[in-house]
Amino acid sequence: MIVHFGEHITIDGYDGDSKRLDNKELVAESLDQLAAILKMHPLGKVHIVSAPDNHIKDPGGWSAFMIIAESHIAIHTFPRRRFLSADVYTCQNGVDPDFVVEFFRKKFKLGDVEKHFIKRGTKYPAHNLV
């Protein structure tokens, strides 16, 4: 019996290593590694772009995402602010949010982390496909 459709973990990481947060290869590699560890199935390669400074509150960094059969993984880094924002959404049930937080904490040497865990599709029908 499916209790909910999927799980969505959001992570805001503070006081990270600015060099790691500004490392294009490390940012892309982190999505590949996390997908493999969580046994997710990429539907393509990681797409990563350099996000420019908008001269307001966003001083630029890297934005990367991976579409997976189970949904998506995304990360946005802000090296000059030593901040990252990551998003892991999957239709798998039972993902360990603390594991995901620790993965990003270690990868980018984050000092502090805010985590949110959301059960998605709590009314998703468990049977009777049309």
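Around Tyr89, with a cut-off of 10 angstrom between Cβ atoms, what is the net charge of the other residues, counting Lys and Arg +1 and Asp and Glu -1?
Numbers: positive: Arg120; negative: Glu7, Glu70, Asp87.
The answer is -2.
What is the angle, in °, between the Cα long axis of helix 97-108 and the longest principal axis of the Cα atoms in the chain? Nearest 10 is fine, range 0 to 90.
On a 0 to 90 degree scale, this one is about 20.
What is the range 6-120's relative contact order, in percent, from Cα pairs under 8 angstrom and six or more apart in sequence? Don't skip to the answer; put the middle values down first.
On the way: 253 pairs, mean separation 48.0, N = 115.
RCO, the range 6-120: 42 percent.
Using only DSSP helix segments of four residues or longer, with each worth -39500 (n - 2.57), what per-residue ellipticity at 222 nm results for the chain after dividing by its residue count and rounding to 500?
Details: 3 runs with 30 residues, N = 130.
Roughly -7000 deg cm²/dmol at 222 nm, from the helical runs in the chain.
Can you give me the C-alpha center-to-center distance between the range 1-28 and the range 56-101, rounded to a whole angstrom?
3
On a full-extension model of 0.36 nm per residue, what is the gain between Val49 and His116, subtracting their alpha-carbon distance, rounded to one decimal in nm? Each step should come with its number before you reach the end.
Working: separation 67, 0.36 × 67 = 24.12 nm, distance 2.53 nm.
Contour length minus Cα-Cα distance gives 21.6 nm.
Counting only trypsin sites (Lys or Arg not before Pro) that sit in a DSSP loop (anything but H, G, I, E, B) with at most 16 other Cβ atoms within 10 Å, what is the longest stretch of the chain containing none of them? Numbers along the way, then the final one.
Numbers: sites that count: Lys39, Lys45, Lys57, Lys109, Lys123.
Longest run free of exposed loop sites: 58-108.
Given a 10 angstrom Cα cut-off, can you work out which residue in Gly94, Gly16, Gly60 is the most mobile in a GNM of the chain?
Gly94
Mean projection of the alpha-carbon convex hull of the chain over all orientations, in nm²?
Details: hull surface 35.0 nm².
About 8.8 nm², averaged over all directions.
To the nearest 10 degrees, how steeply does helix 24-37 sit against the main Cα axis of the chain, on a 0 to 90 scale?
Rounded to the nearest ten degrees, it is 20.
How big is the range 34-105 along each principal axis, measuring the range of its Cα positions in Å and listing the largest first?
The Cα atoms of the range 34-105 stretch 40, 26, 15 Å along the principal axes, largest first.
Taken together, the values in this text are just the output of simple stated rules run on the coordinates, not laboratory data. Note that the structure is predicted; figures quoted are calculated from it, not measured. Positions of Cβ are backbone-derived with ideal geometry, glycine not excepted, and every protein chain shown enters the neighbour counts.
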